[in-house]
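Single-structure report; data block below.
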Amino acid sequence: MIGLFFLSFVFKKDTKFYKRRGSKLLSLMVSLFTSKYVEKWKEFFPQKELRYPPSFHSRVISCASLEVLRSYLSWRQTDCHDKNQYDTCLSELSRNKKMSEGESNDILKETQKQPKYDLLFNEFEIKYKECPDVARQGSFLLRQKVEEIVKYDINGTPVKRKRIKVIQLHSKNVTSRSFWSTHPYLLEELGKFEGDICKIKPELKRSFQFENKLLPSTWIVIRIDGCHFHKFSEVHNFVKPNDTRALNLMNSCAMAVVEAFNDIVFAYGMSDEYSFILKKDSQLYGRRPSEVVSVITSFFTSLYVMKWKEFFFLTKLEFSPYFDGRAICYPSNKILLDYLTWRQIDCKINDMYNTCFSVLVKSGGCLNGTLTQDKKPGMTKTEAHKYLKGTQTREKIKLLKRFGIDYSKLPLMFRLGSSVFWDEERTTNKMKGVLEMSDKKVVVDYINIIDKTLWNEHPHILMD
């Protein structure tokens, strides 16, 4: 269901989508929707540039029965109507009566539906019920079986097959029996019901609005990971094992996220993942996990699509990138640093493995279990994985040396990952001969975050 700036996606009761993990579901859906929104902008606003990355909130609501689901949909449609009617009145008062927003709100405060109908008709000759359905009622997208011509036989007679297609509808009451019964696919997927919903139970409405909060006085880590990025990197011909353009794109997006959210004090990324650290006393979105996760994931996705051409100016974005996110709380600096240490160690392990794997596939061969440098086109992926299975760091370094690669001299961004944080510029006061701090700016650096040097030089990052 699509309403005024909100959408609701209804999953089947027995869905196993991403094993029903709430954080995964809400972040994936909002990320994919955001990606599509940015990509489709030009279709609907060809003359307008998308100047600021859009982002969306997302949450998961469980409806235990069909009655509860219908109550939820009824609530959202009623809310769509109420908000659109209010905003229509507000807009007309502002445009035609030259009223300020405050004055308009005072007039509309606590008015019911009928007085708003009367106001629009008597003052502005607007028949609200004749306004576009999409604004008053919202839109409903559902699957429906339709017949399509798939081919023609030798006599030229069309051969039809039933296909399931997504259609868009408008209805005065999406929870009415008449609407439900005219769409058999809904009955198949969600079941039948008796009677229409006349009034939403207050306790149900409260349950739809209830949300947990993250543990107070703890560091919040929002970790996002690319979804199906193996396929994404292959389709867009990423350089293996590391594509500098792709990594710089991720870093550029992360820097913009840190700049946009003041509560983010540090971010660490590698490959297609990034971890954003929010300060201990952060009250961002009231510490509601679904909002914090979804907005940061959504904002990052927007940036990724909008900045794509800056780094891949000759490569068309073939399909929508999207990410999943999750929130983790850490009560102390030590445990937070343990988490970052784990991520950087993982970066080193993965990069060394991927570098060896790439070399073996591109340059190495395996003949009777013996490594050779002259066999082309190299090992198969299966052979390379088998060859590297169980090898330790020292063995991998030795392997790379046989191909003329000194792992310690590869770019730090590949080996250590990327760290993004606010840095204070240091300038020398020539009159006093001392170092002074000037304006802060967001920087990206490729440094050892396991070592204490970074944290000693920038104590403000982990300041409680």
Does any residue of the range 332-352 turn out to be in a strand (DSSP E or B) and either of a type in the set (A, V, I, L, M) or in contact (Cβ under 8 Å) with a residue 24 or more places away in the chain (or both)?
no
Residue ID - surrounded by the fewest Cβ atoms within 10 Å (Cβ to Cβ), chosen from residues in the range 232-254 that are polar (S, T, N, Q) and part of a helix (DSSP H, G or I)
244
Residues satisfying the stated conditions in the range 309-340, i.e. aromatic (Phe, Trp, Tyr) and more than 24 Å from residue 298 (Cβ to Cβ):
313
One residue is enough: does the range 78-91 have a residue meeting the conditions part of a helix (DSSP H, G or I), surrounded by fewer than 19 Cβ atoms within 10 Å (Cβ to Cβ) and aromatic (Phe, Trp, Tyr)?
yes
Taking the residues in the range 2-32 that are under 23 Å from residue 317 (Cβ atoms), touching a residue at least 60 places away in the same chain (Cβ under 8 Å) and of a type outside the set (S, T, N, Q) as candidates, determine which candidate is surrounded by the fewest Cβ atoms within 10 Å (Cβ to Cβ).
32
When you go through 103, 125 one by one, which is the residue that is surrounded by fewer than 16 Cβ atoms within 10 Å (Cβ to Cβ), in the same structural domain as residue 174 (by TED's automatic domain parsing) and on the phi > 0 side of the Ramachandran plot?
125
State yes or no: is residue 326 in contact with a strand residue (DSSP E or B) (Cβ under 9 Å, 6 or more places away or on another chain) and of a type in the set (Lys, Arg)?
yes
Scan the range 318-336 for residues that are surrounded by 12 or more Cβ atoms within 10 Å (Cβ to Cβ) and over 19 Å from residue 254 (Cβ atoms) and jot them down.
319, 320, 329, 330, 331, 332, 333, 335
Taking the range 202-231 and the residues there that are surrounded by fewer than 19 Cβ atoms within 10 Å (Cβ to Cβ) and among the hydroxyl-bearing types (Ser, Thr, Tyr), the one that is nearest to residue 58 (Cα to Cα) would be 207
Which condition number in (1) in contact (Cβ under 8 Å) with a residue 40 or more places away in the chain; (2) surrounded by fewer than 16 Cβ atoms within 10 Å (Cβ to Cβ) is the one that residue 35 fails?
(2)
In the range 38-62, which residues are under 30 Å from residue 205 (Cα atoms) and in contact (Cβ under 8 Å) with a residue 24 or more places away in the chain?
54, 55, 56, 57, 58, 59, 60, 61
Test residue 257 against the stated conditions and say whether it is of a type outside the set (D, E, K, R), in contact (Cβ under 8 Å) with a residue 24 or more places away in the chain and assigned to a strand (DSSP E or B).
no
Out of the residues in the range 338-365 meeting the condition of being in contact with a strand residue (DSSP E or B) (Cβ under 8 Å, 6 or more places away or on another chain) and polar (S, T, N, Q), tell me which one is surrounded by the most Cβ atoms within 10 Å (Cβ to Cβ).
344
On the basis of being charged (D, E, K, R) and more than 22 Å from residue 339 (Cβ to Cβ), does residue 273 make the cut?
no
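Yes/no matrix, rows are residues, columns are (1) charged (D, E, K, R); (2) over 30 Å from residue 304 (Cβ atoms); (3) under 31 Å from the mean Cα position of the chain (by Cα); (4) not assigned by TED's automatic domain parsing to the domain that holds residue 176:
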| site | (1), (2), (3), (4) |
| --- | --- |
| 75 | no, yes, yes, no |
| 82 | yes, yes, yes, no |
| 92 | yes, yes, no, no |
| 96 | no, yes, no, no |
| 119 | no, yes, no, no |
Verdict on residue 285 being in a helix (DSSP H, G or I) and at positive phi:
yes
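The values are calculated or read from the model by the stated rules, or taken from the named source; none is laboratory data. Just so it is clear, the model here is predicted, and its values are computed rather than measured. Backbone-built Cβ (ideal geometry, glycine too); neighbour counts: all protein chains shown.
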